[in-house]
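What follows is a short report on a single structure.
The values are calculated or read from the model by the stated rules, or taken from the named source; none is laboratory data. Small disclaimer: the values here were computed from a predicted structure and weren't measured. Please note: Cβ atoms are built from the backbone with ideal geometry, for glycine as well, and neighbour counts cover all protein chains shown.
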Amino acid sequence: MKQLNEFGRIPLAVLPTPIQRLENISRLTGTNVWIKRDDMTGIGLGGNKVRKLEFLLAEARAQGAEVVFTTGGAQSNHAMLTAACAKKLGMTPILILKKRGVTARRGNVLLEHLMNTDVRFMDTDSYEDIYAEMDRVGQTLGRPYYKIPCGGSNAVGALGYVACAKEIADSGMHFTHLVCAEGSGGTHAGLALGAKLFLPETTVLGMMVDTDPFDVITLGIMRQTAELLEADVRLGPDDIHLRDMCGPGYAIPSEEGNRAVRLMAENEGLFLDPVYTGKAFAGLLAMAAEGAFKPSDNVLFLFSGGAGGIFAVNPED
Ligand SMILES: *Cc1c(COP(=O)(O)O)cnc(C)c1O
């Protein structure tokens, strides 16, 4: 197997991110709940995409790219962080976002404006249309460009979360469960593969906040990432654990998610977002209520960021 340090990686995140015990939530749920502070990755407002971008932008730079395209929903945290990281590295980000969602100059769209980012909205529901538009724009510009898929969720991006699993293993702490939000699959895929390699006692749980076929998507990314790493692991559907926490739809707050946002705020002084981490944490709370965790278990929740969205998609709306 290859080592992670054999892959190009530009240090963008402040690592390792802290792991903290949530004392009040642990008391309320009757198990040991810990939080991995990937909301503190140190650029933009923090978030999980920075770990993926360390590998993706290294590949972009190695290929000589000057322009970096990416996409997502109108309030994509990933797009905002891609702009922040690309700007820092002296590359030109161009965001071609789906028109669906809050396109007003609020939340992440405001932050993109402050970074003087080229943001375009495309009236389509198909990412294929958007990738084709990236090629059209890139060829018109006549400058070398690099395309990052929605969420940075491919094998190269997922390396960031294989590395995160290694970081957790290197902390010397032991967790029975690792819970993350799942929007495009790369985070879960990286963690699940990383757990297989470095955290064999840990079950990774993906909390779905969209309606895509994540069983197939996650396993696909896991397999491609394992191939990139030349890792000798057998992967199958049993390696994927999912729970549907989407509620009324992607980027539409749910009752359960909003309750989780308030519980975390009121008890721990941390602000989850209504699109990803609030819904994911609601999944953890629901499992605790169902008796899925023993009092002696140690459950690590990945706080994957999302702060930008709070000011656009309001849990109180
Ligand atoms: C993108 C995102 C996720 C989901 O990660 P994926 O790798 O896309 O599944 C979770 N939380 C936040 C805040 C995000 O922006």
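Things to note:
- A Cβ distance below 8 Å, combined with a sequence gap of six or more or placement on separate chains, defines the contacts here; from segment 186-214, residues that are closer than 17 Å to residue 231 by Cα reach residues that are among the basic types (Lys, Arg) and away from the ligand (no atom under 13 Å from the Cβ) in the pairs 194/166; 197/166; 198/166.
- Some residue of segment 305-317 being of a type in the set (D, E, K, R) and at pLDDT below 95: yes
- Residue identified as within 14 Å of the ligand (Cβ to nearest atom), surrounded by fewer than 19 Cβ atoms within 10 Å (Cβ to Cβ) and within 18 Å of the chain's Cα centre (by Cα) among 301, 271, 281: 271
- Hits in segment 246-276 - residues which are in a loop (DSSP other than H, G, I, E, B) and either within 14 Å of residue 22 (Cα to Cα) or in contact with a strand residue (DSSP E or B) (Cβ under 7 Å, 6 or more places away or on another chain) (or both): 246, 269, 270, 271, 272, 276
- Segment 1-27 residues that are within 16 Å of residue 303 (Cβ to Cβ), paired with ones that are basic (Lys, Arg) (beta carbon under 7 Å, 6 or more apart): 13/51; 17/36; 17/37; 18/37; 19/36; 20/37
Results for (1) of a type in the set (S, T, N, Q); (2) more than 22 Å from the chain's Cα centre (by Cα), shown as yes or no for each residue.
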site: 87; (1), (2): no, no
site: 131; (1), (2): no, no
site: 135; (1), (2): no, yes
site: 140; (1), (2): yes, yes
site: 143; (1), (2): no, yes
site: 167; (1), (2): no, no
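- Residue 260 within 25 Å of residue 101 (Cβ to Cβ) and surrounded by 19 or more Cβ atoms within 10 Å (Cβ to Cβ): yes
- Residues considered: 227, 201. Of these, the only one that is out of contact with any helix residue (DSSP H, G or I) (no Cβ under 6 Å at 6 or more places or on another chain) and in a helix (DSSP H, G or I) is 227.
- Spans of helices (runs of 4 or more DSSP H) in segment 51-164 with at least 1 residues in contact (Cβ under 8 Å) with a residue 60 or more places away in the chain and within 16 Å of the ligand (Cβ to nearest atom): 77-88, 107-114
- Residue check: residue 19 meets all listed conditions (1) within 16 Å of residue 120 (Cα to Cα); (2) touching a helix residue (DSSP H, G or I) at 6+ places or on another chain (Cβ under 8 Å); (3) more than 16 Å from the ligand (Cβ to nearest atom); (4) not small (Gly, Ala, Ser) but one, namely (1).
- Looking across segment 165-194 at every residue that is surrounded by fewer than 24 Cβ atoms within 10 Å (Cβ to Cβ) and of a type in the set (A, V, I, L, M), the one that is farthest from the ligand (Cβ to nearest atom) is identified as 173.
- Tally, over segment 22-47, of residues that are within 14 Å of residue 269 (Cβ to Cβ), touching a strand residue (DSSP E or B) at 6+ places or on another chain (Cβ under 7 Å) and not aliphatic (A, V, I, L, M): 2
- Of the residues making up segment 195-206, just one is over 19 Å from residue 273 (Cβ atoms) and within 13 Å of the ligand (Cβ to nearest atom), namely 204.
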